Ligand code: NAP
């Protein structure tokens, strides 16, 4: 049982991010003080949306500078906090030059850096880590090797590596490290959120972030010839953020939480969007696997990825996050509609 004093500040690492900005919003709306870390405090453009949230809410926002790779750089921000929400981690799937440097080091060393500072700070009672479903499975085909073919919180990704699915590997290493560091002390407990693929509106302009790239490409016709087949766990960004906040203030919260509301294919996404935006150049059919194998590299997908993911459906059990944290999922149609409405308003996707 961990009870939190809401008068104490809450640390949120990587506060400028797509997911973290919603976490910051919910905490400020609840009247809390948020210690938000950003990489470069001088670059106010990156966090002006957070300053706006601060001005509109009863809570208080304080900005601190910290980098995952700079030893002890989180210590000032953690002072007096009972809660540490560690979301910062690079999220990049393609276009990597050096996965060790770009993904593994910041994810792994960053987790060590933040959690070791939490241990040194005697006020810290609970750490919430943003992991991912990528720490549970690497490729959809992994489902075929688990009990009843269904992913649960007991399963760990054992198939990703530096060369194959390095982002998933970075999340797996970071979450394992977090559990290890947690086990070496008894001052704070660890609650882990494992979101699926996050979609939904952004509190910043929707011009960055991998989640948005996929939706933008879908709306702008990149998959017009056919969408990848197979399903993914999708979650609304607001639900993923709420899971973090519920994890903060549910005294009995524990363990890992698969946080994905819907098991959907890209064609399901396209069909849903077609109902609202019939004029967009959305895919009308799935891409045959043989063709995907041939053209995958042109779209930044390795052939190994195509073989192990295309035409293979996921199955996962999301009952624990509902039971342990009381999370309810936003209807999928609403998530897509809200996401696209913003893309249209920002001129990132347009009717053709
Ligand atoms: P995002 O918008 O790219 O946010 C990532 C955040 O991490 C940014 O604030 C970024 O800061 C910060 N960061 C990256 N490298 C850093 C470093 N070296 N030092 C300090 N901060 C650093 O991505 P997101 O989608 O919100 O992802 C947030 C978390 O959710 C990540 O842990 C990600 O793995 C996880 N997740 C995301 C998804 C998804 O579908 N989006 C799904 C499951 C889990 P800058 O703004 O300075 O770059």
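The values are calculated or read from the model by the stated rules, or taken from the named source; none is laboratory data. Note that the structure is predicted; figures quoted are calculated from it, not measured. Virtual Cβ from ideal backbone geometry, glycine too; neighbours counted across all protein chains shown.
Worth a mention:
- Residues that are surrounded by fewer than 21 Cβ atoms within 10 Å (Cβ to Cβ) and in contact with a strand residue (DSSP E or B) (Cβ under 6 Å, 6 or more places away or on another chain), drawn from the range 303-317: 313
- Residue selection: residue 54 fails the criterion of being under 19 Å from residue 260 (Cα atoms) and away from the ligand (no atom under 12 Å from the Cβ).
- Filtering the range 331-352 to residues that are out of contact with any strand residue (DSSP E or B) (no Cβ under 6 Å at 6 or more places or on another chain) and either at pLDDT 90 or above or not in a loop (DSSP other than H, G, I, E, B) (or both) leaves 331, 333, 334, 336, 337, 338, 340, 341, 342, 343, 344, 345.
- The range 143-176 - residue that is touching a strand residue (DSSP E or B) at 6+ places or on another chain (Cβ under 9 Å), assigned to a helix (DSSP H, G or I) and modelled with pLDDT of 95 or more and, of those, surrounded by the most Cβ atoms within 10 Å (Cβ to Cβ): 171
- Taking the range 66-95 as the range and being crowded, with 23+ Cβ neighbours inside 10 Å and free of Cβ contacts under 8 Å to residues at least 40 places away in the same chain as the test, no residue passes.
- Residue in the range 96-111 that is surrounded by 22 or more Cβ atoms within 10 Å (Cβ to Cβ) and not in a helix (DSSP H, G or I) present: no
- Here the condition is being buried (at least 19 other Cβ atoms within 10 Å of the Cβ), more than 16 Å from the chain's Cα centre (by Cα), closer than 18 Å to residue 202 by Cβ and within 10 Å of the ligand (Cβ to nearest atom); of 36, 15, it holds for 36 alone.
- Among the conditions (1) within 24 Å of residue 30 (Cα to Cα); (2) part of a loop (DSSP other than H, G, I, E, B); (3) near the ligand (Cβ under 8 Å from one of its atoms), the only one that residue 46 does not satisfy is (2).
- Being touching a residue at least 12 places away in the same chain (Cβ under 8 Å), under 27 Å from residue 317 (Cα atoms) and away from the ligand (no atom under 13 Å from the Cβ) is a property that does not hold for residue 175.
- Every residue from the range 196-230 that is more than 15 Å from the ligand (Cβ to nearest atom) and not in a loop (DSSP other than H, G, I, E, B): 219, 227
- Residue 1 fulfils the conditions (1) part of a loop (DSSP other than H, G, I, E, B); (2) farther than 24 Å from residue 202 by Cα; (3) within 14 Å of the ligand (Cβ to nearest atom) except for a single criterion, (3).
- Residue in the range 21-28 that is within 26 Å of residue 236 (Cβ to Cβ), over 21 Å from the mean Cα position of the chain (by Cα) and away from the ligand (no atom under 14 Å from the Cβ) present: no
- All positions within the range 40-61 that are within 27 Å of residue 120 (Cα to Cα) and in contact with a helix residue (DSSP H, G or I) (Cβ under 8 Å, 6 or more places away or on another chain): 40, 59, 60, 61
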